[in-house]
1. For R237, only one of the following conditions fails: (1) in contact with a Pro (Cβ under 9 Å, 6 or more places away or on another chain); (2) more than 21 Å from P63 (Cβ to Cβ); (3) not aromatic (F, W, Y). What is its number?
2. Please tell me if V207 is surrounded by 15 or more Cβ atoms within 10 Å (Cβ to Cβ) and more than 23 Å from A19 (Cα to Cα).
3. With the requirement that a residue be within 15 Å of the ligand (Cβ to nearest atom), in contact (Cβ under 8 Å) with a residue 12 or more places away in the chain and not hydrophobic (A, V, I, L, M, F, W, C), what does the stretch 135-147 give you?
4. Taking the stated definitions as given, is S45 more than 21 Å from L103 (Cβ to Cβ) and either buried (at least 19 other Cβ atoms within 10 Å of the Cβ) or in contact with a His (Cβ under 8 Å, 6 or more places away or on another chain) (or both)?
5. Checking the conditions here, which among A288, A227, A263 is more than 15 Å from the ligand (Cβ to nearest atom) and surrounded by 20 or more Cβ atoms within 10 Å (Cβ to Cβ)?
6. Among (1) within 16 Å of the ligand (Cβ to nearest atom); (2) under 19 Å from M96 (Cα atoms); (3) surrounded by fewer than 21 Cβ atoms within 10 Å (Cβ to Cβ), where does A150 come up short?
7. For the stretch 153-188, give me the residue count where each residue is of a type in the set (S, T, Y) and either over 23 Å from P93 (Cβ atoms) or buried (at least 20 other Cβ atoms within 10 Å of the Cβ) (or both).
Amino acid sequence: MDLSASLLDIRFANPLLNASGVWCRYNEELDGLRDSAAGSFITKSCTLATRAGNPEPRYYATPLGSINSMGLPNEGYTYYLDYARAYDYAKKPLFMSVAGLSLEDNLAMLAAIRDAGLPAVVELNLSCPNVPGKPQIAYDFAAMDRMLEATSREYGRPFGVKMPPYFDIAHFDEAAAILNKYPLVAFITCINSIGNALVIDIEQESVVIKPKDGFGGIGGDYVLPTALANVNAFFRRCPQKQVIGCGGVKTGEHVFMHLLAGASLVQVGTALQEEGPGIFARLNGELAALLERKGYTSIEAVLGKLKTL
Ligand SMILES: C=Cc1c(C(=O)O)[nH]c(=O)[nH]c1=O
């Protein structure tokens, strides 16, 4: 079965990769993704300087998914730029996630990445919900507009954006109208975790993570319908751009749903954290079997073909 996918002018052996933040903080983890059956992989969102992140416990898995308030722990952008410099791109494409704490930090990191002239593809994170005191940029439309105007001008190459979930049609319309102003925003990754949820342990009568009184971003089964809606909403509204799906993927059927909704590639977060990089071989096998059963010969034929009633 032909599982090949494409984004920008890059071919992928299959549409799967990790969600930024999962299995991608350290070189050893990145090498594990490099050597896995994923079609590509992405680094942990990085900041100008290294960050320890929020106090632990800051990640917790539930039967339906996960909650996290990691707080953007990362090794600093030069660590990931060094990885991208040393990486052999003949193996599979590599993405770099950037999540500066300010516009100036994002411009500095993007300028360094631009000047390095590497094949790595940038995903600009506009949606981290877990840095205390830092609102999610993509929930402030004027701030997002300013960020994209400046980063497009500075970086000057195609890049993508990692978006938070929206829950209102008017917000899909307004966010898409801003993204459509910037042709260098070549792809949209939907969704980041659903921010500021609360998981309660009834035995302990307590929250389960330490930061922010237990408030954190949720992923997994909880978010699949919202993720699919955001993928389809931006697929419909941004015909000059591509969409990467992220959220709630645990089986080949979930990958198929994201493809139908309009995703060109599909990221895996919570399920990867819980199962490890071996998940990519399982998901590719399940996706191939599903396509076979349905009579498809490629995923291109599925992309965006969601029917309405
Ligand atoms: C980049 C920080 C993020 C984090 C984090 O490091 O807390 N968690 C998420 O669920 N999404 C993020 O974008």
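1. Unmet condition: (1).
2. yes
3. Within the stretch 135-147, Q136, Y139 qualify.
4. For S45, the condition - more than 21 Å from L103 (Cβ to Cβ) and either buried (at least 19 other Cβ atoms within 10 Å of the Cβ) or in contact with a His (Cβ under 8 Å, 6 or more places away or on another chain) (or both) - is not met.
5. After applying the criteria, what remains is A263.
6. Failed condition: (1).
7. 2
Here's the yes/no breakdown for (1) on the phi > 0 side of the Ramachandran plot; (2) in contact with a helix residue (DSSP H, G or I) (Cβ under 7 Å, 6 or more places away or on another chain); (3) away from the ligand (no atom under 15 Å from the Cβ):
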{"residue": "M163", "(1), (2), (3)": "no, yes, no"}
{"residue": "G214", "(1), (2), (3)": "yes, no, no"}
{"residue": "G217", "(1), (2), (3)": "no, no, no"}
{"residue": "N232", "(1), (2), (3)": "no, yes, yes"}
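The numbers here are math on the coordinates, done by the rules we state, and not lab data. Everything numeric in this text was worked out from a predicted model, so none of it was measured. Backbone-built Cβ (ideal geometry, glycine too); neighbour counts: all protein chains shown.
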